[in-house]
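**Q** Dropping the structure in here first, questions after.
The values are calculated or read from the model by the stated rules, or taken from the named source; none is laboratory data. Please read all numbers here as calculations on a predicted model, not as lab measurements. As a convention, Cβ positions derive from the backbone with ideal geometry for all residues, glycine included, and neighbour counts pool all protein chains shown.
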Amino acid sequence: MQFDSSIVQTTVPSPLGNIAIAATDKGLAGLWFTENQRYSPPELTGSKAWPDNAAHPVLQQASQQLGDYFAGRLSQFGLPLDLSGGTPFQQSVWQALRGIPQGEVTSYGEVSRRIGKPAAVRAVGGAIGRNPISIIVPCHRVTGSSGALTGYAGGLDRKTALLRLEGALAESLL
């Protein structure tokens, strides 16, 4: 992924672990768990880390909305997003994910059909796995064709917790 040079970040707490959020002048560009997260960018930490700016308006808005989401008071995020770091194909997949309502799940195959590429299930899975704005671009709402919980860059325990929070999984199902 290529991130805009204006990107800044901050870290917010959540019931599932700390979350790094990043924004550009255009909108929210990233959301990753700070521990046990695949595909997080190296610029989150170290000597080349993006600048910390908790006062950035998009980061403040994202922090507030995440708090409301985890408290069960928010079912739809209303944030400007900057998905420009992905390829056109990835962006089409991420936009399709935004159309999955809270409390529902869909399959990788269905996402492939929604973007007009029914044979591209593996490529769609790859794009979903590299979704830079998890939770808000709800990749956790995608399951295997049998309904089985598969793949989540933040870990299956977190995917399960997010789906339960949203009412898409009953406690007795896992």
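**Q** Tell me whether region 105-117 contains one or more residues that are among the acidic types (Asp, Glu) and not in a loop (DSSP other than H, G, I, E, B).
**A** From region 105-117, those among the acidic types (Asp, Glu) are 110; that's our starting set.
Next, from what is left, pick out any that are not in a loop (DSSP other than H, G, I, E, B): 110.
Taking every residue of region 105-117 in turn, at least one turns out to be among the acidic types (Asp, Glu) and not in a loop (DSSP other than H, G, I, E, B).
**Q** Please enumerate the residues belonging to region 118-136 that are under 24 Å from LEU169 (Cβ atoms) and either assigned to a helix (DSSP H, G or I) or free of Cβ contacts under 8 Å to residues at least 24 places away in the same chain (or both).
**A** VAL121, VAL124, GLY125, ALA127, ILE128, GLY129
**Q** Further question: Looking at (1) over 30 Å from ILE7 (Cβ atoms); (2) buried (at least 18 other Cβ atoms within 10 Å of the Cβ); (3) in contact with a strand residue (DSSP E or B) (Cβ under 6 Å, 6 or more places away or on another chain), which is the one condition that is false for SER145?
**A** (2)
**Q** Touching a Lys or Arg at 6+ places or on another chain (Cβ under 8 Å) and not acidic (Asp, Glu) - does that describe any residue in region 110-120?
**A** The answer is no; no qualifying residue exists.
Rundown of residues vs (1) at pLDDT 95 or above; (2) under 17 Å from LEU162 (Cα atoms); (3) part of a helix (DSSP H, G or I), yes/no style:
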{"position": "THR10", "(1), (2), (3)": "yes, no, no"}
{"position": "ILE21", "(1), (2), (3)": "yes, no, no"}
{"position": "TRP32", "(1), (2), (3)": "yes, yes, no"}
{"position": "SER40", "(1), (2), (3)": "no, no, no"}
{"position": "GLY46", "(1), (2), (3)": "no, no, no"}
{"position": "TRP50", "(1), (2), (3)": "yes, no, no"}
{"position": "ALA54", "(1), (2), (3)": "yes, no, no"}
{"position": "GLN61", "(1), (2), (3)": "yes, no, yes"}
{"position": "ASP68", "(1), (2), (3)": "yes, yes, yes"}
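**Q** Tell me yes or no: at least one residue of region 92-99 is outside the structural domain of ASP25 (by TED's automatic domain parsing), at pLDDT 95 or above and assigned to a loop (DSSP other than H, G, I, E, B).
**A** Looking through region 92-99, at least one residue is outside the structural domain of ASP25 (by TED's automatic domain parsing), at pLDDT 95 or above and assigned to a loop (DSSP other than H, G, I, E, B).
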